[in-house]
Amino acid sequence: MKRIRKAWRKHLSPLAGDTASMLDLPPVKMGLLTKLNLLTIGLIFLTAVATTLFYAQQRWRADETQLKRQGMALAGVMTELAEYALYTSDRDSLEQLLDSIGTDPSVAFVAVLDRRLQPLVVRQYGPGLADTSLPPLPSDLALPARGDLVLLDHAMPTGKLVEVLAPVASPTATRTAPNGLDPASTRAPPAVIGYIRLGLSLDAQRKQFREQMVGAVAVVGLLVVFAVIATLLLTRRLVAPMRRLMRAARAVGAGRLDVYVPAGSADELGLLTHTFNHMTQKLAESQSQVASYQRTLEEKVAQRTRELEVATAQAYKLAQHDILTGLPNRSLLNQRLKQILAQAQRDGTHVACLFLDFDHFKRINDTLGHDAGDQLLMAIAQRLTSAVRESDTVARLGGDEFVVVLPGLDPEQGSYEVMAVLNRVRDAFEAPFRLADQTPTLTCSVGVALFPLDAQDGVGLIKQADTAMYAAKDAGRNAYRFFTADMNAKVQLRLQLETDMRRGLMDDEFFLVYQPQIEMQTGRACGVEALLRWRDPERGVIAPADFIPIAEESGMIQALGARVLRDACRQVVQWHRLNMPLRLSVNLSVQQLQHDSWLSVVEEALRSSGLAARHLDLEITESVIITHPEKAVATLMKLKQMGVSITVDDFGTGYSSLSYLARLPIQGVKIDQRFVHGLDRNRNDEAITQAIIALSHSLGLRCIAEGVETAAQFNFLRSHGCEEAQGFLISKPLGEEDLRAWWRVQEALHLRSDRQGDLWQG
């Protein structure tokens, strides 16, 4: 330890102090290298101690095991030698035998005992034992049988004794064999006539072990000293290059980047030195670059400041203007309205607010694409701006909704000024738009509200104009309406109707009727179309045209549609059990088909009712296809895979119907009733109907006509190959019981009919 402390003071302690002074740190008592040295020395010492202790333990156990084996072997020999002497009670022979054993230095005592464990001859050789006293035997000792040995341990004041207790058997005795048998077969088994107690001491082994351990410890100590010296010398070699690196690091910290540290070796320290030199070189290069970057950065900061000022102004403008059209947005419109209305109140003038919504814009947007829709909106903004006065404000609220504010109107003549602007707006949209290879034509529905007659603030004025716009749409679109007080009443009525619908849905006020469908060539019923009705407690039965649009806008159509499909499937299954093989047709709206859960609704309705999928026909309108064609095709393909048939309803009235017809997985086409109604008086309707029938046949589709009310219509359709028909000529929509009665009547009439189809001639 003195050598270690001396090495610490000479080599390591100055290094720790120098390091602290170089880096302007408080002095440390023990540096990193010193800690590593102490750790290495400690590991060496612990390894040496652990190895020595392990060796001593193993040697100790081995000596004890060897002593026990020696005692067992010696006891076995003694039992054989003492057998005859003990059998004949020859005490002299026994004493000679014991005396001969005493020459072994490991024997502490030996005794010959009779069968009752009483000592006959005893010899004591170990220290601490009286001449005649032996270590007591355990009271619960199980005496060994012939050929067995018992090992016992005794803790004596002088050390540990190992005792072997071995039985001595009598010599083999022979008896005369009766009946002339072999004497060997009549030998009596030997009996235990005494015992040999042999005690062995570990003192000799322990003395030898201690002598060997002293030499081993000395050798290990020398090895430890040599290892410590080698560690200190290696540390000394490490210190010098590290001190050079520390001095160089201090210089770099002071701003000197031209320092160079020579690499003294090719080991890790040499690599560290090389890395340090490379770092200082790169730092010097970076320092020059930083100065250049700083000048460049100052120039860019000035430029970005100017750009930020411009961007701030643009952002302020964008926050108040529509990005696409550049028109004022809702926020700026509200600000201007506030100023305009305040000025009008001071001047005693009126202000008109025109709310414009373009008819079927979404259909055109979805068909032509969103890019074309954006171009169309910009063109609309330009035409609106050119159609109004310079003092008017044109704003876009969102989508295809625009607002025009007309300030400074004369209280007496203001209506004429509003009409003049309305006419210019309508004239502005007479000409079609030019978008690439398309030339769509737009119409708009306009609602007009006046200040201060209809509202007292800007928000209320826009709201009343919006209400008037919906009245214009209800009037058939492409129209304008001035706000009246009863329009709010209609809005309230619609809201009340929506509330009552939700209640009616919970109270089961909705019910189904079924309109029969027949085969035109045979006249037999082939299916029914399920139609929804609502029986309100106060209003009575309400037509679907009055509540279906509300259900679609409010989202209730999903619950209604699921109920219709479930109840209708169950009803048709009941009819099938009554031998009425009817196909079920159910209408799907745009909202239903677009909903992700609709496929699972169809699967659940078929599963719960037990109706086979081939008996279900879902009718879709062309608007479903046009709105989201890709999703529609994917959904219809899944329905077809389920086994459900698809029919296009109201065919011929949609937009670009023929372009989608061949792509759809459909099985039927239903001719719209507006064409059927004109068959007996309009040649155009006849030509369109023939074309639809021919087209469906060419595509392998089933053709069904709806709204058949006269025999002339029926005959025309049948003569041109239309397969199926429905309408008041055949039957009005019927309830479940009335339909069963109608079925029985038709079956009875067919039994009496001579010609197929003659039932529907008159």
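Every number here is computed from the coordinates shown, using simple stated rules; none is lab data. Bear in mind that the values here come from a model prediction, so they are computed numbers and not experimental data. Cβ coordinates were reconstructed from backbone atoms using ideal geometry, including for glycine residues, and neighbour counts include every protein chain displayed.
For the stretch 135-140, in order, what is each residue's ³J(HN,Hα) by Karplus, 6.51 cos²θ - 1.76 cosθ + 1.60 with θ = phi - 60°, in whole Hz (x at glycine and Pro)?
x, x, 7, x, 5, 9
Dipole magnitude of the stretch 528-568 about its Cα centre, charges +1 at Lys/Arg Cβ and -1 at Asp/Glu Cβ only, in debye to the nearest 20?
180 debye
Which chymotrypsin sites (Phe, Trp or Tyr not before Pro) in the stretch 657-741 pass both tests, a DSSP loop state and at most 13 other beta-carbon atoms within 10 Å?
Qualifying residues, ordered by number: Phe728.
Out of Gln558, Gln517, Ala465, whose Cα points farthest toward the positive end of the dipole of the stretch 461-559 (charges: +1 Lys, Arg; -1 Asp, Glu; placed on Cβ)?
Ranked along the dipole, the leading option is Ala465.
About the Cα centre of the stretch 695-751, how large is the charge dipole given +1 on each Lys and Arg Cβ and -1 on each Asp and Glu Cβ? Please answer in debye to the nearest 20.
Result for the stretch 695-751 is approximately 160 debye, rounded to the nearest 20.
Subtract the Cα-Cα distance of Ser139 and Glu736 from 0.36 nm times their separation in residues, and report this length gain in nm to one decimal.
Between Ser139 and Glu736, full extension yields 204.4 nm more.
Set the Förster radius R0 to 30 Å, insert the Cβ-Cβ distance between Asp258 and Leu234 as r into 1/(1 + (r/R0)^6), and round the FRET efficiency to 0.05.
Computed FRET efficiency for Asp258 and Leu234: 0.40.
Could you give the length gained on full extension between Thr710 and Glu538, defined as 0.36 nm per residue of separation minus the Cα-Cα distance, in nm?
58.4 nm
Work out from phi, with θ = phi - 60° and the Karplus expression 6.51 cos²θ - 1.76 cosθ + 1.60, the ³J(HN,Hα) of each residue of the stretch 504-509, listed in order in whole Hz, and give x for Gly and Pro.
x, 5, 6, 8, 6, 8
For a Förster distance of 35 Å, can you work out the FRET efficiency between the beta-carbons of Leu151 and Val49, rounded to the nearest 0.05? Spell out each step's value before the answer.
Working: r = 33 Å, r/R0 = 0.94.
Efficiency for this residue pair is about 0.60.
Could you put Leu94, Leu578, Leu332 in order, starting from the residue whose Cβ has the fewest other Cβ atoms within 10 Å?
Working: Leu94 20, Leu578 9, Leu332 17.
Ascending Cβ contact count within 10 Å gives the list Leu578, Leu332, Leu94.
Lys/Arg Cβ at +1, Asp/Glu Cβ at -1, dipole of the stretch 321-483 taken about the Cα centre: which of Phe361, Leu332, Gly348 is farthest positive-ward?
Leu332
Using +1 on the beta carbon of Lys and Arg, -1 on that of Asp and Glu, and nothing else charged, what's the dipole of the stretch 497-625 about the Cα centre, debye to 20?
Here the stretch 497-625 has a charge dipole of around 660 debye.
List, in order, the whole-Hz ³J(HN,Hα) value for each residue of the stretch 725-741 obtained from phi through the Karplus relation with A = 6.51, B = -1.76, C = 1.60 and θ = phi - 60°; use x for Gly and Pro.
8, 8, x, 5, 4, 8, 5, 7, x, 10, x, 4, 5, 5, 5, 5, 5
Work out, step by step, the length gained on full extension between Ala748 and Gln314: first 0.36 nm times the residue separation, then minus their alpha carbon distance; give nm to one decimal.
Taking Ala748 through Gln314 to full extension adds about 148.1 nm, to one decimal.
Using the charge dipole of the stretch 497-625 (Lys, Arg: +1 at Cβ; Asp, Glu: -1 at Cβ; taken about the Cα centre), state which of Gln592, Leu616, Met506 has its Cα farthest towards the positive end.
Looking along the dipole axis, the top candidate is Leu616.
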